[in-house]
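Below is one structure, written out as structure tokens; comments come after it.
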């Protein structure tokens with residue numbers, strides 16, 4: 001209720017970006033990354049339906065790296081631009097770009113850290 005009151009009581013001349021930042025709201029692009037990151041987290045912990053899990057595959061490097069212990073998704077090669085926005089390519093690209101600390105976090109702390117990281121990345 002207080003957020004709505006703050007939103008309506010502001011002067012119309014304040015830019016939307018400053019207002020959303022003062023209310024700690026994520027932009028639309030950040031909200032999409034947040035949801036895709038949550039889908040990646042749910043896929044690792046097998047909380048997604050089987051038909052979605054079939055679209056994702058594990059990344060198996062040919063050589064042992066230090067990052068081999070981290071769980072990453074393999075990103076399929078695509079030829080068309082709009083194919084970059086499909087589930088099987090969007091989840092690996094967002095999930096693999098996260099820090100390893102986020103990927104190994106518990107459910108509630110993962111959501112908190114992911115949202116904080118997305119919010120602070122655009123504010124700085």
From 117, 90, 105, residue being touching a helix residue (DSSP H, G or I) at 6+ places or on another chain (Cβ under 9 Å), surrounded by 15 or more Cβ atoms within 10 Å (Cβ to Cβ) and not in a helix (DSSP H, G or I)
105
Can you tell me which of (1) assigned to a helix (DSSP H, G or I); (2) modelled with pLDDT under 75; (3) more than 14 Å from the chain's Cα centre (by Cα) is the one residue 63 doesn't meet?
(1)
I need every pair where a residue in region 74-87 that is in contact (Cβ under 8 Å) with a residue 12 or more places away in the chain has its Cβ under 8 Å from the Cβ of a residue that is loosely packed, with under 13 Cβ neighbours inside 10 Å, sequence separation at least 6 or different chains.
74/58; 74/60
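The values are calculated or read from the model by the stated rules, or taken from the named source; none is laboratory data. Computed from a predicted model, the values in this text were never measured in an experiment. Glycine gets a Cβ as well: all are built from the backbone with ideal geometry, and neighbour counts include every protein chain shown.
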